[in-house]
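Structure first, then comments.
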Amino acid sequence: MRKRVIPIIASIMLLGGCWDTRNIDHAVYIHSIGIDYKDGQVIAYVQLIDFTALAKVEAGGGREKAAISVGKAAGETFNIATDKIYPSIQQRVSWGHVKSIVFTKRALQKGIVADVIDVLNRYNEIRHTAWVYATDEPISDLFQATPLLNASSYYSLLSNPEEIFQQSSFIRPIRLIRLIAAMDEKADVARLPYLTIEDNRWVENKKPKQMLAISGICFLHDYRLQGCEGRSDLQGLRWLEQDVRRTPIYVKQKEKTVASLIVHNPTTKWSVDVKNGKYAFTVNVKAQGNLLELREPLSRKQLTKLAEQTVKQEIHRLYKLGKEQQIDILNLAEQLYRQRPDLWKKHQINGLIPLHNNTLFVNVELVISASGKEKLNYRAGD
């Protein structure tokens, strides 16, 4: 008798662990969070996506039109606003799959950003690997913009920016954990990618298709917005960023594009010099490139010189822009803090340092290692 009872009891105990399980469709999953600020109220947005359709595609089924729901609530604080979403959502909410967080420029104020991050730090379901962005677009429109060919928003720029960055490296995406680390550093300026909606590049089913794009950067120091700059003014930043895999150079001669190069894995090394008690920075950039287009009969030496000049000009223009806007775009204060903390302490104002003329020197060493199926110099006679 005892031998019969023991297996029955054991099986009951094992089954007991499954009684409180929930099916995937019994909960809603927050995919993206948006934060706006208006009239003294924090406005929280949440984007929900349908994981059922995503599972069908991954299992080999056909694509269905992606379903997206966007919720909105306002409150005195971010936590109060998000609490107001619960009464009308009608299903259990999971915050454990948040892939991105978007702040409007209005919300990039010290008190609001710090409050939002304080809540995210304390809530156990939120992961610090979420991507973070800034925008000036209506967040509801931003969350409704879906990828091409009925792809799920799970594969959109909001949640998968790394693949695009690896293929065309320019503005590096940033995760929540890195943003917090940068803003907690006294001398660091965080670079927050700036999202916009483009509706004039793509057409789908004969209708204009709204697509997300990273069109600039917002710079934050000590949880406070310093300013935002457009993509066209930030060309030099790619030579100073980490993890740049592949980025183009359009070489000009007398204001005319004469060649196109693809540069792989550029490396940057900073040094700080001190003369008469004043600091000066030298940045050495080394890169290797492949020729993609040659419109004029230039030799390898001529092309290399022009490409190096292009990189130098982009970095100097970036420094000039930061000096004019009083934004430490190049993070020079952090370089001084790391290499000469004594000088940083002497010159810093709220963690940052004044930018002067003749403070930055740039050296570039570029090697053109390949030219495709054509010889580089077959028309140049070199």
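The values are calculated or read from the model by the stated rules, or taken from the named source; none is laboratory data. In this text the structure is predicted, and so the values were computed from the model without any measurement. Here the Cβ is made from the backbone with ideal geometry for all residues, glycine too, and neighbour counts use every protein chain on show. In case anyone asks, the SASA skips ligands and DNA or RNA and just uses the protein heavy atoms, side chains included. Shrake-Rupley method; radii C 1.70, N 1.55, O 1.52, S 1.80 Å.
GNM, the chain, Cα, under 10 Å: largest mean-square fluctuation among PRO193, PRO266, PRO138?
Comparing PRO193, PRO266, PRO138 in the GNM, the peak value goes to PRO138.
What does the charge add up to near THR257, with Lys and Arg as +1, Asp and Glu as -1, over the other residues with Cβ less than 13 Å from its Cβ? The partial results should precede the final answer.
On the way: positive: LYS252, LYS254, LYS256, ARG295; negative: GLU255, GLU293, GLU296.
So the environment of THR257 carries a net charge of +1.
Starting from the residue with the highest accessible area, list TYR123, TYR29 in decreasing order, probe 1.4 Å.
Details: TYR123 90, TYR29 40 Å².
From most exposed to least exposed: TYR123, TYR29.
Counting only the backbone N, which residues of the stretch 149-191 are under 19 Å from the spot 7 Å out from the Cα of ARG340 toward its beta-carbon?
187-188
Using a Förster distance of 22 angstrom, determine the FRET efficiency expected from the C-beta separation of ARG201 and TYR155, and round it to 0.05.
On the way: r = 18 Å, r/R0 = 0.83.
The pair ARG201/TYR155 has a calculated efficiency of 0.75.
Just the Cα atoms of the stretch 86-142: what Rg and Dmax do they give in Å?
12.8, 34
Over the chain, consider all pairs of different Cα atoms and compute the Kirkwood hydrodynamic radius from their mean reciprocal separation; express it in Å, one decimal. Before the final figure, lay out the partial values.
Numbers: mean 1/r = 0.0416 Å⁻¹.
With all distinct Cα pairs of the chain included, I get 24.0 Å.
Find how many whole Å separate the alpha carbon centroid of the stretch 151-196 from the alpha carbon centroid of the stretch 92-147.
Using only Cα atoms to place each centre, the spacing works out to 12 Å.
Nearest 5 percent is fine: what portion of the DSSP beta bridges confined to the chain is antiparallel? Let's see the in-between values first.
Working: 58 of 82 bridges.
Counting only bridges with both partners in the chain, antiparallel ones make up about 70 percent.
With all protein chains present and a 1.4 Å probe, how do HIS347, HIS316, HIS221 order by accessible area, largest first?
Largest to smallest exposure gives the sequence HIS316, HIS347, HIS221.
Rolling a 1.4 angstrom probe over the protein chains, ignoring ligands and nucleic acids, what is the accessible area of TRP131 in square angstrom, nearest 10?
In the full protein context, TRP131 sits at about 20 Å².
Pairs of alpha-carbon atoms within less than 8 angstrom and 6+ residues apart define the contacts here; what relative contact order does the chain have, in percent?
Numbers: 718 pairs, mean separation 45.7, N = 382.
Normalised by residue count, the contact order of the chain is 12 percent.
How large is the accessible surface of LYS256 in square angstrom, using a 1.4 angstrom probe and rounding to the nearest 10?
Number for this one is 100 Å².
Could you give the angle, 0 to 90 degrees to the nearest 10, between helix 2-16's Cα long axis and the longest principal axis of the Cα atoms of the chain?
Value to nearest ten degrees: 50.
Once the other residues with Cβ under 14 Å from the Cβ of ILE139 are scored (Lys, Arg +1; Asp, Glu -1), what is the net sum? All intermediate terms of the calculation are to be shown ahead of the outcome.
On the way: positive: LYS38, LYS72, LYS105, ARG106; negative: ASP36, ASP136, GLU137, ASP141.
Value of the local net charge: 0.
What residues have an amide H closer than 5 Å to that of VAL364, excluding those fewer than 5 places away on the same chain, when H is modeled at 1.01 Å from N in the peptide plane?
Placed amide hydrogens put VAL285 under 5 Å from VAL364.
If Lys and Arg each add +1 and Asp and Glu each add -1, what is the summed charge of the other residues whose beta carbon sits under 14 Å from the beta carbon of ARG178?
Values: positive: ARG127, ARG172, ARG175, ARG191; negative: GLU162, ASP184, GLU185, ASP188, GLU241, ASP243, GLU334.
Around ARG178, the charge tally is -3.
Top to bottom by accessible area (1.4 Å), largest first, where do VAL28, VAL102 land? Walk me through the intermediate numbers first.
Numbers: VAL28 20, VAL102 0 Å².
Result of the area sort, largest leading: VAL28, VAL102.
Say R0 is 22 Å: what FRET efficiency, to the nearest 0.05, do ALA114 and SER140 get from their beta-carbon distance?
Working: r = 25 Å, r/R0 = 1.13.
Efficiency, from the Cβ-Cβ distance: 0.35.
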